[in-house]
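**Student:** Have a look at the structure that comes next, please.
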Amino acid sequence: MAINPVWTDQGGEPSRILLDHCPILEKICALNDSSTPALHLWQARVGEIFTAADPQGDFYRVRLVEKSSQSSLVVPFAKIPNPEPAVPLVLFQALPARERFELILQKAVELGATRIVPYVCRHSIQLEEREARQPKAHGWPRVILRAARQCRRGLIPALSPVMGWTQLLAQTRRLEQCFLCHPQPGAISLWVGLQHATGKSLGLIVGPEGGFAADEIAAAEKNGIQPVSLGPRILRTETAALMALSLASALILGGSQDSR
Ligand code: SAM
């Protein structure tokens, strides 16, 4: 089931701004030709500051000084640690009611998610119901863009169309490891699960206010997804998302935080 998205995906790898060569600080540097679409995605204007990577993979804060469809120029003024996580991190988030999703989007960007996948399941609110109360989905890319700019991301995290549970399971097969956050007595904690995670990509699934249906959990387990606990208390879905992302950031995704 693909619910017709009211936005287009405006992030991911094409949003990386790349320098043409390794720069000297405070000296004008050309952007790689492939950065023209990236500047468009960031809605970049001359005078604004962005994060750009050089061919060696070092990151800089740069000021855009000239922008044209042929070539654009920046002045790098500070070298910064790699702001991107060591491995791709996908947050699968059940649609919550009201403005909680906007909060989750903003914080997921800050906490390093590389893709955010909103989904509906048995006990979640449906997109149509949410939009009928107050249309907001059209503003989601803007929330992501603003957060990515604010926290100095090296790319704009991608946003998937809202999907159903079966589609979500198909998406998780592209990831090397995926955890399903579920308050189940006896489940291993996400903390422990992450310590044994060796994957090259990671997915975190956070459920709706109404929790998962038993058959949804069974289908997830059949797909190799491990249910994990976030502790003995029942967290609101937005708290669970932030906790799961924080643990992932701290334990395995901060590996690229070098400041070469
Ligand atoms: N009554 C629901 C249940 O028992 O699943 C509570 C759902 S909780 C408000 C919303 C979502 O946050 C859950 O589906 C789960 O993904 C996550 N969550 C909340 N507390 C959790 C915990 N202690 N451990 C793991 N996941 C948790």
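Just so you know, all these numbers are worked out from the coordinates, no wet-lab data involved. Because the structure is a prediction, the values reported are computed rather than measured. Note that each Cβ is placed from the backbone with ideal geometry, even for glycine, and that neighbours are counted across all protein chains shown.
**Student:** Tell me the relative contact order for the chain as a rounded percent, counting alpha carbon contacts under 8 Å between residues six or more apart.
**Tutor:** 23
**Student:** With springs only between Cα atoms under 10 Å, which of Ala218, Ala113, Ala52 fluctuates most in a Gaussian network model of the chain?
**Tutor:** Its mean-square fluctuation being the largest, the pick is Ala218.
**Student:** Still on this structure: So, counting K/R as plus one and D/E as minus one, what does the shell of residues with Cβ under 13 Å around Leu25 add up to?
**Tutor:** +1
**Student:** Return the FRET efficiency for the residue pair Thr198, Arg146: r is the Cβ-Cβ distance, R0 is 30 Å, and the value is rounded to the nearest 0.05.
**Tutor:** 0.30
**Student:** Just report the Cα centroid separation between the range 21-79 and the range 181-238, whole Å.
**Tutor:** One Cα centre to the other: 40 Å.
**Student:** How much length is gained on full extension from Glu176 to Arg63, taking 0.36 nm per residue of separation minus their Cα-Cα distance?
**Tutor:** Extra length from Glu176 to Arg63 when fully extended: 37.0 nm.
**Student:** When only DSSP loop residues count, what GluC sites (Glu not before Pro) in the range 177-232 have their Cβ near at most 16 other Cβ atoms within 10 Å?
**Tutor:** Those satisfying the criteria are Glu209.
**Student:** Where a ≥ b ≥ c are the square roots of the eigenvalues of the C-alpha gyration tensor, would you call the range 89-258 rounded, which needs a/c under 1.5, or, failing that, prolate if a/b is larger than b/c, or oblate? Don't skip to the answer; put the middle values down first.
**Tutor:** Details: a/c = 1.58, a/b = 1.06, b/c = 1.49.
In terms of gyration-tensor shape, oblate.
**Student:** How tilted is helix 100-110 with respect to the longest principal axis of the chain? Cα atoms for both, answer in degrees (0 to 90, nearest 10).
**Tutor:** The answer is roughly 50 degrees.
**Student:** Note down the relative contact order for the range 1-140 as a percent, whole number, built from C-alpha pairs under 8 angstrom at least six residues apart.
**Tutor:** 19
**Student:** Can you tally the net charge around Pro227? Count Lys and Arg as +1, Asp and Glu as -1, for every other residue whose Cβ sits under 14 Å from the Cβ of Pro227.
**Tutor:** Net of charged neighbours comes to -2.
**Student:** Hey, another quick one. Which of the lysines could be linked to Lys27 by a straight reach, that is with a Cα gap under 27 Å, when you skip same-chain ones fewer than 8 residues away?
**Tutor:** Result set, ordered by chain and number: Lys67, Lys79.
**Student:** To continue, here is another question. Would you list, by chain and number, the lysines whose Cα falls below 29 Å from the Cα of Lys222, excluding same-chain residues fewer than 8 positions away?
**Tutor:** Partners within reach: Lys200.
**Student:** What percent does the relative contact order of the range 176-260 come to when contacts are Cα pairs within less than 8 Å and at least six residues apart?
**Tutor:** 43
**Student:** Could you work out how far helix 140-150 tilts from the main Cα principal axis of the chain, as a 0 to 90 degree angle to the nearest 10?
**Tutor:** Here the helix axis deviates by roughly 50 degrees.
**Student:** What are the GluC sites (Glu not before Pro) within the range 55-141 that DSSP puts in a loop, where the Cβ has at most 15 other Cβ atoms within 10 Å?
**Tutor:** Passing sites in the range 55-141 are Glu99.
**Student:** With Cβ to Cβ distances under 9 Å as the rule, what net charge do the other residues near Glu48 carry (K, R +1; D, E -1)?
**Tutor:** The answer is +3.
**Student:** Compute a Gaussian network model of the chain, connecting alpha carbons closer than 10 Å, and tell me which residue from Ser71, Ser201, Ser15 fluctuates the most.
**Tutor:** Ser71
**Student:** Using the basic label-point model (7 angstrom from Cα toward the beta carbon), what is the Ser246 to Gln184 distance in nanometres?
**Tutor:** Distance between the two pseudo-spin positions: 2.5 nm.
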